[in-house]
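Student: Take this structure, written in structure tokens, and hold onto it; I'll ask about it next.
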Amino acid sequence: MRAVLVLMDTLRRDVLSCYNPEAPVQTPNIDAFCEDSCTFDQHWIGSAPCMPARHDILCGRPTFLERAWGPIEPYDVTLPHCLRDAGWYTHITTDHCHYMRTGGEGYLQQFNTWDYHRGQEGDPWVSQIDDPSNMPETHYGRVRRQYQLNRQMWPNEEDMPSPKTFSSACDWLTENKGKDDFFLMVEAFDPHEPFDVPDKYMDLYGGSEGLDRDYFEIPAYKRVSETDVDAGALRYLRHRYQALVTMCDHWFGRLVDHLKELGMYEDTLIVLTTDHGYFLGERDFLGKNYMPLYNELARLPLIVRFPGGERAGEHAGQLTQNIDLMPTLLDYAGAPVPAGVLGRSLRPIATDPDAPGRDYALFGYHAMDVNVADGRHVYMRAPVPGNKPCFEYAVIPTTIRRMLGCDCEDQIEWGRFIPRTDYPVMRIPVTKLAVVDQSDDPLREVSTTRLFDLEADPGEERNLAGADEGLEGRMVALLDRAMRECEAPAEQWERLGLAR
């Protein structure tokens, strides 16, 4: 038995024809893979964004109620560690630069071996004091000086970090041809922004048509109406994203073809998914992190090729989340599932279309609204004014690009605050939201409680909160149950204005 997990960052489900038959994006390799696989139609996000989502995948439980972006903690029990204990070999190849930043400590080290391909986003790679010669004179959105330095290092498509990640995975498989009992994680940063893509892919979507400036690859995380992005530039940005998805599809196809060439395709568990979605102007939003977790962010693709091709070409309607990947992989490896894991194995669905799924999906950003879905409805509970009390719990007090608690040292407490471990942790007051850094009012967009009936209103346009008391009461009860089963810190109920 062997397993391959392919994680593409920011892969929206509506660009894939298996979810959206009218998708305007060319993804022939993922389309062919779907014909061999089971497509999950009710797959939801857990913790957001990038590193919290990876924590969920590797630990099998949501982390967002305890802390935001952060490292692997001493008390975390991870998928690679459990597989290694079961005698499996684990390897990850990735160009995801956040693993190398403050707040990303300890993830790669869970694997037997790891391979990292440099240069994405603001990766401090190319060291040059002078400004790069390729800085654009005019642009929309943001331009990262460091990234402009880095991108000079890949003159050809195959030199780019995500293509190198897929090529590295193929090389690793060649070196280990015919071996069993291994877990290979192939993690491409693309199609995350900056949406840097060779012209041959852009030409499929109109090239530079609509862009009246030199550069637009990194949008500001703001409402479109609060930026200078015009309609032509917005269309261009969408085309860049679509072109990058097509490039990712090409390299994913190479990986699948290589597995077939090596005779390792038929009896391997192969999973394709993502961490979160992205806004490209829908609902007047650009980016992620500061808005409610609408479908564009929260409904994710999950495509699983079960060994032997079970459920090939079929769709599964069970409610699932990425926390279910850990117990699924452990189930196929014949390894025990740790007691603290809240995910459930997808293996029964491989043989029984009517196997039960989850009762709910609990998801959110730390210190923002808290959300629960039941398969038909989604409830987004807003925090009370002031958003207090609110804490992060950590042994290693790092978050995205900074340390926690430096502005409130006298308020930090040590204690055994996490029920599932005796390891003492710090309780650090939240004075700044970890993942919202482009807004003076970070909770503005999530200050309203929302409730949607996804069957009657798939576009989430009609807010039923306050209008259907019976339904809202049932969703509040489900949220309460989910938070209890997740062992959420007690103050989360008070922060959300809920009785406990």
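The values are calculated or read from the model by the stated rules, or taken from the named source; none is laboratory data. None of the values given here were measured: they were computed from a predicted structure. Cβ coordinates were reconstructed from backbone atoms using ideal geometry, including for glycine residues, and neighbour counts include every protein chain displayed.
Student: I'd like to know if the stretch 393-401 contains one or more residues that are touching a strand residue (DSSP E or B) at 6+ places or on another chain (Cβ under 7 Å) and outside the structural domain of MET483 (by TED's automatic domain parsing).
Tutor: So far as the stretch 393-401 goes, no, none of its residues is touching a strand residue (DSSP E or B) at 6+ places or on another chain (Cβ under 7 Å) and outside the structural domain of MET483 (by TED's automatic domain parsing).
Student: Name the single residue that is surrounded by the fewest Cβ atoms within 10 Å (Cβ to Cβ) among those in the stretch 100-112 being touching a Phe, Trp or Tyr at 6+ places or on another chain (Cβ under 8 Å) and either more than 27 Å from GLY340 (Cα to Cα) or free of Cβ contacts under 8 Å to residues at least 40 places away in the same chain (or both).
Tutor: Applying the filter and picking the extreme gives ASN112.
Okay, residues lined up against (1) assigned to a loop (DSSP other than H, G, I, E, B); (2) not assigned by TED's automatic domain parsing to the domain that holds ASP422; (3) not β-branched (Val, Ile, Thr):
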position	(1), (2), (3)
PRO71	yes, yes, yes
CYS82	no, yes, yes
ILE92	no, yes, no
GLY106	yes, yes, yes
GLU121	yes, yes, yes
SER127	yes, yes, yes
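Student: Take the stretch 481-500 and flag every residue that is free of Cβ contacts under 8 Å to residues at least 60 places away in the same chain and touching a strand residue (DSSP E or B) at 6+ places or on another chain (Cβ under 9 Å). Outline the logic, then answer.
Tutor: Start the filter on the stretch 481-500 by keeping residues that are free of Cβ contacts under 8 Å to residues at least 60 places away in the same chain, which leaves 484, 490, 493, 499-500.
Across the stretch 481-500, there are no qualifying residues.
Student: Related question: Output yes when any residue across the stretch 293-300 is over 19 Å from PHE33 (Cα atoms), modelled with pLDDT of 95 or more, among the acidic types (Asp, Glu) and under 19 Å from the mean Cα position of the chain (by Cα), and no when none is.
Tutor: Within the stretch 293-300, one or more residues are over 19 Å from PHE33 (Cα atoms), modelled with pLDDT of 95 or more, among the acidic types (Asp, Glu) and under 19 Å from the mean Cα position of the chain (by Cα).
Student: Would you confirm, using the coordinates I've provided, whether VAL384 is assigned to a loop (DSSP other than H, G, I, E, B) and of a type in the set (A, V, I, L, M)?
Tutor: yes
Student: Tell me, please, whether a residue that is part of a helix (DSSP H, G or I) and either under 17 Å from the mean Cα position of the chain (by Cα) or not assigned by TED's automatic domain parsing to the domain that holds ASN150 (or both) can be found in the stretch 110-119.
Tutor: Taking every residue of the stretch 110-119 in turn, none turns out to be part of a helix (DSSP H, G or I) and either under 17 Å from the mean Cα position of the chain (by Cα) or not assigned by TED's automatic domain parsing to the domain that holds ASN150 (or both).
Student: Quick one: which residue in ALA333, ALA367 is buried (at least 20 other Cβ atoms within 10 Å of the Cβ) and under 21 Å from the mean Cα position of the chain (by Cα)?
Tutor: Residue meeting the stated conditions: ALA367.
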